[in-house]
Each structure stands twice: as structure tokens, then as C-alpha cells.
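The values are calculated or read from the model by the stated rules, or taken from the named source; none is laboratory data. Small disclaimer: the values here were computed from a predicted structure and weren't measured. Here the Cβ is made from the backbone with ideal geometry for all residues, glycine too, and neighbour counts use every protein chain on show.
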Amino acid sequence: MITLVRRVRRATALCALGTALAACGTTEAPQAPRPAPSAPSAAPSKPASSRPPTLAPGPAGLTPVFEHGPRGDGKTVALTFDADMTADQGPRAASGERFDNPELIATLRKLKVPATVFMTGRWAEEYPDEARSIGRDPRFEIANHSYSHYAYTDDCYGLPSVSKERMRSDLERAYTAFEKAGVPNPMPYFRFPGGCYDKSVLKELAATGVTAVQWDVVSGDAFATDADAVTRQVLDGVRPGSVVVMHCTRSAAPVTEEVVRAVVPELRRQGYRFVKVSELVGATNGRR
């Protein structure tokens, strides 16, 4: 059973990423709340059988948290990629810094690897054509990584934080950005910036209807320069049902595409099948 009250403290690489992003300002415009795609009011006429799988709410109706799929249902693994960009990194992008990684997406397509991309709304605004292309490719699914990439708790690897009153609107603003970019059917899954959350945050987001998705394998690709070391860390950590966290941000994770080219054939040699997070969530229902 997943512990509901904790903050994820799993990798110094994520700490480095948070520290680097902390230099950004904290101004954000308030947005009108809108429900996540899984909320009943979002698609009342859609048959339940065709909706993306989600987990049932936790105790007291808290937002459910998913870390990995069933360990005994075959050798499946989900590669996930965080497309990080904070609300105030526009000037850095304008000066030439790249927060996207089209080579990585091209490699996933070439290797025929399904994947889940956890995208910030600000990233979708900066790269709408890429967001739309990823979202329309049936091999991929886009999930929510907040609008701003500001932390939902204090003391989260140096990230600026979102106030409690703005947490829900920050999450929902990302879905608005996806819609404006032309992303069809984003998933009702949410990944906390920095992986940091606590019980009060799970309570605050419960009304959105999302399932929070964490991970059980940290790749360590953030700011890494040794692709072999990252590859070894992934291969050593993967177990049946694993969720691997990596990044789709060229400037912050420059070796990820090289790591994917090494990890994918080796895991396939070991008998693993790559799936999207939605398949693992679906397989988990009824087995928790």
C-alpha cells in the first residue's frame, strides 16, 4: 500500500534540477479552475469503458498515488519523460536555451517505444507544434506536470512554490495550455514538480480527479554527462511493472537520448515489454 504522506527524496539529480530552476521568479497569473479530463463534468457522455484508467481515491477521498504496476503480471516497464519548463523561463528560451528534445522523441519513434510524457503547461506554450505532434502520436500519451513547475510543498529541492490557494488552478492551467496547443485527450495523470507532496496537497487536488504518478526507478539523467552511468542506474533498478523517470529537456538532460538507445535493446533482450503508464495503471486496478 502506498504511503500517502511523504516527500520523495530519491535522487541528487532531481535536487540539482530543482536548484537550477529556483532562480526563476514566482509571478503567475491566476486562472479560472477547470476540471481535469477524468472529472465527471469534463466528459459526461463518454462511456466509462473508454476513459483512461485511474485509481480510486485514497482514504478520506485523497488523490491516489501510483508508483509502479503489478510485479507479477509479466515483464512490463514504462519509460516516462518530464518535459520541464518553469513559468518564467521564457527569456532563457528566447536566448537560445532548449527545453525540448526532438532527437529523443525521434529515437523513441524509431525504436517503436511507447512512452508517457509529463509536460508542463509552460512547455506546451513554448513548443506547441511539438506538444501537438507528441499528443497526436498513438505511441505516446501526454500527462500533466503542472503549469509552472513550481513545487506544491515548501523545501522541495529549492524550487519556488505554489500557494495552497493556487495549486488546483496551476494544475488545471496546464490542461488549458494543452488544449490551446491542440493536444488531444491528455491523460488524467499528474506528476508533482520535484516529486514532492504531502497529505494536505493530496486533499487539495482531490476534486480534480487526477491520479498522481510517481516512479520507482530514478534514471539520474538530470544534468548528467555520463550516459553509461545513467544507463547502468536504469538497468539496475528496473523490475516488472517499473516506472522510470527521465527528462525530455535538452539543456537539463543532455544524455537522455543516448541512454534510451542503450537501455531499450538491453531491456528487450531481457524480455521486457515497454508500455505507457495508462497500461500499468489499468493493470493495477483491483490488485492493490
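Within the range 108-142, the set of residues being within 12 Å of the chain's Cα centre (by Cα) and farther than 13 Å from ASP84 by Cβ comprises ALA115, THR116, GLU141, ILE142.
In the range 239-274, of all residues being surrounded by 22 or more Cβ atoms within 10 Å (Cβ to Cβ) and under 13 Å from VAL77 (Cβ atoms), the one that is farthest from the chain's Cα centre (by Cα) corresponds to VAL263. You will find that of VAL260, VAL183, VAL162, the residue that is β-branched (Val, Ile, Thr), at pLDDT 95 or above and touching a Ser or Thr at 6+ places or on another chain (Cβ under 6 Å) is VAL260 and no other.
Residues that are of a type in the set (Lys, Arg), loosely packed, with under 14 Cβ neighbours inside 10 Å and touching a helix residue (DSSP H, G or I) at 6+ places or on another chain (Cβ under 6 Å) within the range 95-141 are absent altogether. Highlighted here are the helices (runs of 4 or more DSSP H) found entirely within the range 90-184 that include at least 3 residues which are touching a residue at least 24 places away in the same chain (Cβ under 8 Å) and within 25 Å of VAL264 (Cα to Cα): 102-110, 128-136.
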